[in-house]
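For reference, the structure is listed below as structure tokens.
Read-outs throughout are calculated quantities, based only on the coordinates presented, and are distinct from any laboratory measurement. Because the structure is a prediction, the values reported are computed rather than measured. Here the Cβ positions follow ideal geometry from the backbone for every residue, glycine too, while neighbour counts run over all protein chains shown.
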Amino acid sequence: MGIAAVDVTKRFGSYTALDNVSVTIPEGSLTALLGPSGSGKSTLLRVIAGLEQPESGRVLIGDEDVTNRPARTRGVGMVFQHYAAFKHMTVWDNVAFGLTIRKRPKADVADRVHELLELVQLEGLAKRYPSQLSGGQRQRMALARALAVEPSVLLLDEPFGALDARVRKELRAWLRRLHDEVHVTTIIVTHDQEEAMEVAGQIVVLNGGRVEQVGSPRELYDEPANEFVMSFVGPVNRVGDTFVRPHDVEVRLEPEDGSTEAMVERVVHLGFEVRVELVRDNGQHLLVQLTQEEAEQLELERGQIVYVRPRHETVFSAG
Amino acid sequence: MPKYLLRFGALGYLSLLLLVPVGFVFYRAFEHGLGPAWDAVSSQQAVHALELTLLMAAIAVPANTIFGVILALALVRSRFPGRGLVNAIVDLPLALSPVVVGLALFLLYGRGGWLGGLADHGIKILFAVPGMVLATMFVSLPFVVREVVPVLREIGTEQEQAAETLGASPFQTFWRITLPAIRWAVAYGVVLTTARAIGEFGAVSVVSGKIQGRTETLPLYVQAQFEQFDIQGAYAASVILALIAVATVVGLRVIHPREEES
């Protein structure tokens, strides 16, 4: 089912976590709430889940206004950053929890739990306790537990935030495939722009309790609505009022029309990508991304003088 | 060398202060064999004292366990005005001399006290079991609360929130998530509460009136026998209290490692 937050405001004491936020999540989509810490992204998710009550505004799931309904009757599946595993229960009992609460027949519960453990690749670990699992396994268990009750929406609060980089990458790809299989409307909260772009079809960028922009990963990157989005969804150089992406800087060994002089400060080889840090004569630093091939042709060295020109630049009107 | 000195010093201190005196109680109780010791504790008066002591514990322990858990939940999970004051009051029985507790109950329920009128309506509090139960509950109140509060803080609310989103009612969440998570802390608190309830002397002594065969608990019985020069009886009854203490210590040792593990 689709989800809508309409004019939601949430305060904690004098602090405004969400300031009149409206967001629409299309049915069946995988949407990321992206923003720095304190942007209100987790609060918005918790308001949708019913774990926080907004001061004003409404939450709709499907066509139904659920603003005044407790979390337990909203039909949401929630996954927390630190797993929230039931420590005294086995993996099996964790996954079965929502079903046993609903007093489903034992045979049905067993079938469903089997099916889910297979889906999250934990078949062999049903009798283990959460403390005997790795972080990645715990989070897959938590996901199976949330899916067991067939939620109409799935809410993931920084689900991979506590995992190491390699496991995080694996689980992202896995979540993407899972969503293609299960099709449940999903919201994932993250502060990692790469994660949001890799996983989500739609991204909502939040900052300071407000929505900055909503769009596909491509739209956000190519047509950022403002400075904040431009600098949050990828690295950027700021030259006066103009913004240039590091891969949009042309580097030449000879001066050309409109180019300026800069000195090579550092060259970092990252495999296919080569990062060059330059400093202009006015002391300004520039970050440039080149392919390995481009870098080899230029034969850049520390202390070398080069000439740079933006291939594409963005200017935001004031305000 | 200082290591051995430290070990020897610690053991010597414990022996001198604790092991030797308690050992002597056992020694004197069984000095003339098992027979006299058994006779002493199976007298009608001694059996009644033991029964009364167990009755005190049977009422005070469940009451303080249930209210202790509720109080701990209120202190950790909710914000209400006066929370700091409640938190401090819970510790009062630990700080207050039990005799003062007894005296306070005496003043409240005695003649001229606020609730002194109850006696005129046939509700006897002082010099009777109700007063003794109240005194026992007063002194054994803090233990469950103090054990459960830090564990509740540590487990946080995420598991409870997860249960809520999975459809659990507040009661189901408490019964299936919160209670299992704090179970060892509750057990630890129960053992401490029981030990305190059974061993209480001061407060119960003041409110009971120490009527032989009527309002005499085991600790009161020990003192009475001692004062009447029935040394054998006093020691034999002391052994029962000491055995309960040993069982308590063993119980705590069994529970404690599990508490750390979870």
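Results, tabulated for the structure shown:
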| read-out | value |
| --- | --- |
| Number of the condition not met by B:Thr193 [criteria: (1) crowded, with 22+ Cβ neighbours inside 10 Å; (2) more than 27 Å from B:Ala37 (Cβ to Cβ); (3) out of contact with any Gly (no Cβ under 9 Å at 6 or more places or on another chain)] | (3) |
| Verdict on A:Glu198 being surrounded by fewer than 19 Cβ atoms within 10 Å (Cβ to Cβ), without any contact (Cβ under 8 Å) to a residue 40 or more places away in the chain, outside any loop (DSSP other than H, G, I, E, B) and not polar (S, T, N, Q) | yes |
| Matching residues in the stretch A:1-41 - criterion: being small (Gly, Ala, Ser), surrounded by fewer than 22 Cβ atoms within 10 Å (Cβ to Cβ) and either touching a residue at least 40 places away in the same chain (Cβ under 8 Å) or within 24 Å of A:Leu175 (Cα to Cα) (or both) | A:Gly2, A:Ala4, A:Ser22, A:Gly28, A:Ser29, A:Ser37, A:Gly38 |
| Output for the stretch B:184-243, where each listed residue is among the acidic types (Asp, Glu) and under 21 Å from B:Val90 (Cβ atoms) | B:Glu200 |
| Leading residue by the ranking (surrounded by the most Cβ atoms within 10 Å (Cβ to Cβ)) among those in the stretch B:52-93 that are more than 16 Å from the chain's Cα centre (by Cα) and small (Gly, Ala, Ser) | B:Ala72 |
| Among (1) closer than 20 Å to B:Leu218 by Cβ; (2) surrounded by fewer than 21 Cβ atoms within 10 Å (Cβ to Cβ) - the single one B:Gly131 does not satisfy | (2) |
| Among the residues listed as B:Ile240, B:Ile177, the single one being of a type in the set (Val, Ile, Thr), in contact (Cβ under 8 Å) with a residue 60 or more places away in the chain and assigned to a helix (DSSP H, G or I) | B:Ile240 |
| Condition check for B:Val222: away from chain A (no Cβ under 11 Å), buried (at least 17 other Cβ atoms within 10 Å of the Cβ), within 30 Å of B:Leu105 (Cβ to Cβ) and under 17 Å from the mean Cα position of the chain (by Cα) | no |
| Counted residues, the stretch B:162-171 - those being at the interface with another protein chain (Cβ under 8 Å from one of its Cβ atoms) and either out of contact with any Lys or Arg (no Cβ under 9 Å at 6 or more places or on another chain) or not in a helix (DSSP H, G or I) (or both) | 4 |
| Residue in the stretch B:222-240 that is aliphatic (A, V, I, L, M) and within 28 Å of B:Lys124 (Cα to Cα) present | yes |
| Sole exception among (1) within 24 Å of A:Phe232 (Cβ to Cβ); (2) facing chain B (nearest Cβ under 9 Å); (3) in a loop (DSSP other than H, G, I, E, B) for A:Ser37, by number | (2) |
| Hits in the stretch A:199-214 - residues which are at negative phi and out of contact with any Phe, Trp or Tyr (no Cβ under 7 Å at 6 or more places or on another chain) | A:Val199, A:Ala200, A:Gly201, A:Gln202, A:Ile203, A:Val204, A:Leu206, A:Arg210, A:Val211, A:Gln213, A:Val214 |
| Within the stretch A:47-91, considering residues that are in contact with a strand residue (DSSP E or B) (Cβ under 8 Å, 6 or more places away or on another chain) and of a type in the set (Val, Ile, Thr), the one farthest from the other protein chains (Cβ to nearest Cβ) | A:Thr67 |
| Residue within the stretch A:94-101 that is away from chain B (no Cβ under 11 Å) and more than 27 Å from A:Leu44 (Cβ to Cβ) present | no |
| Subset of the stretch A:226-238 [surrounded by fewer than 16 Cβ atoms within 10 Å (Cβ to Cβ) and either in a loop (DSSP other than H, G, I, E, B) or among the aliphatic types (A, V, I, L, M) (or both)] | A:Asn226, A:Pro235 |
